[in-house]
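The values are calculated or read from the model by the stated rules, or taken from the named source; none is laboratory data. Everything quoted here is computed from the prediction, not taken from an experiment. When we count neighbours, we look across all protein chains shown, and the Cβ atoms used for this are built from the backbone with ideal geometry, even at glycine. Note: accessible area is taken over every heavy atom of the protein model, side chains too, but ligands, DNA and RNA are not part of it. Shrake-Rupley method; radii C 1.70, N 1.55, O 1.52, S 1.80 Å.
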Amino acid sequence: MAEVCIAGAMNTTPSEALDAILNLPPIKQISAEISALAAIRLRDINLWNDHQIGHSSILLNRVDITRKTDSCMPVEHLNTPFHILIPRREEWVIGPHG
């Protein structure tokens, strides 16, 4: 229905034809990609059950999804030393010494 609104077409226009004209992927493909990404995120934080039935079979037989991902937990570094250098206007024009 969204493609009908985007294109301003009549309600009787076939959705698949509008998808092709507007270069939109099929809704089934989009939903499969979104669900696979959610399953990967859940698997990476150990909240995914690897059953081979129902929705748990989303990641089965997918050669494009590896078992290990490069996700990592964020770590705050609060005590990292750093220096702030605010040059004067003359130093902007002349450039750094040395």
(message) With part of a loop (DSSP other than H, G, I, E, B) and either over 30 Å from Lys68 (Cβ atoms) or touching a residue at least 24 places away in the same chain (Cβ under 8 Å) (or both) as the only criterion, which of Leu24, Leu47 stands out?
(response) Leu24
(request) Looking for whichever is assigned to a loop (DSSP other than H, G, I, E, B), modelled with pLDDT under 75 and open to solvent by 100 Å² or more (accessible area, probe 1.4 Å) here; the options are His77, His83, His97. Which one fits? (result) His97
